[in-house]
1. As a footprinting exposure proxy, order Thr161, Thr22, Thr141 by other Cβ within 10 Å, with the fewest listed first.
2. On a full-extension model of 0.36 nm per residue, what is the gain between Asn38 and Tyr60, subtracting their alpha-carbon distance, rounded to one decimal in nm?
3. The stretch 125-177 to the stretch 6-41: how many Å between their Cα centroids?
Amino acid sequence: MDELLLKRAQQDDPDAFEQLMTGLEQMVWRVCWHYTGNREDASDCGQETMVKVWKNLKAYRGECAFETWVYRIAANCCMDFLRKRKREKSVSLEPLKDEGFDPPDESPGTEESAVIRDEHARLREAIAGLPEEQRDILVMTQLEGRSYEETARLLRISEGTVKSRLNRAREKLREIISGERELSGPASVQKSERRARR
């Protein structure tokens, strides 16, 4: 990273900021896509990330690699987005339906595609539920395809630490997902089968 460019950007130079972020835009978009699972939401979170990076640039002191700092802002924007979306989904639409509101039918074309979408959403939520240090490593190595060496360099930790945190992240992910399956159990399977027969 160009230190002079960073200093200029920290002094509110928009051209320097644009140059500074040019190489990181694709990384920000990929991170947002991995968390949200669709282009529109990823684009919204990516734009929010850029705004937050610009507003908080003066707070960057070099404690970690600049790319890691930007990555964490992107991940936090996505986490905020997912929490907000979860809250909004939990709000019942029934009172609005009584007043004539008819929401669009969001049911998928096939039951199989619904199951796949649901599994992907649960996986993203499970990843979002990991501790930050485990989540960062899981996303960087497994979703972005970074090597252990590169991940270690960006996070300023050893490769051994990357591997051990990744193992803990995988184990935690298994626990979260198997716990959800136990909670859903046969009763929910029967419900979905009844819905399918209607």
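Here, each number is a calculation from the coordinates, and none is a lab measurement. Only a predicted model underlies this, so the values are computations on that prediction, with no experimental measurement involved. Please note: Cβ atoms are built from the backbone with ideal geometry, for glycine as well, and neighbour counts cover all protein chains shown.
1. Placing the least packed residue first, the sequence is Thr22, Thr161, Thr141.
2. 5.0 nm
3. Answer, in whole Å: 22.
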